[in-house]
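Okay, so here's the structure we're looking at.
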Amino acid sequence: MANQCEMVIGYLVPHRCENPALGTCVRCGRGYCDEHTNATKEGRVCLACQQGLDMPVALPIAAATFTAADLTTFGRSSTWDDDDSGDMFSDLS
């Protein structure tokens, strides 16, 4: 099982959900948190599968434009290191 929810969230700055994974989707096998899953007759299903999306994106409008390369970039940018030299996006907080 995944340690972290695998859904991509955020409209202006898409990034991987930071919540811990509680289980895996019965359709695609991706990890999901409490916010990004729903119960169905077949079991717990992630929001992407429930919406009929191939990509693990919580926003269906944005999902139409994301490519597999985009999701890889989002995943790499969400792994922070100590010196922030590998960060692809600035922290504007």
Asn38 passes all but one of the listed conditions (1) surrounded by fewer than 19 Cβ atoms within 10 Å (Cβ to Cβ); (2) modelled with pLDDT of 85 or more; (3) in a loop (DSSP other than H, G, I, E, B); the exception is number (3)
Would you pick out the residues in the range 41-93 that are in a helix (DSSP H, G or I), more than 15 Å from Thr24 (Cα to Cα) and modelled with pLDDT of 80 or more?
Ala69
Could you list, ordered by first residue, the pairs with Cβ atoms under 6 Å in which the first is in the range 1-20 and within 17 Å of Asn38 (Cα to Cα) and the second is among the hydroxyl-bearing types (Ser, Thr, Tyr), at least 6 apart or interchain?
Cys5/Tyr32
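The values are calculated or read from the model by the stated rules, or taken from the named source; none is laboratory data. All of these numbers come straight from a predicted model, not from anything done at the bench. For neighbour counting, all protein chains shown are included, and Cβ atoms are generated from backbone atoms with ideal geometry for every residue, glycine included.
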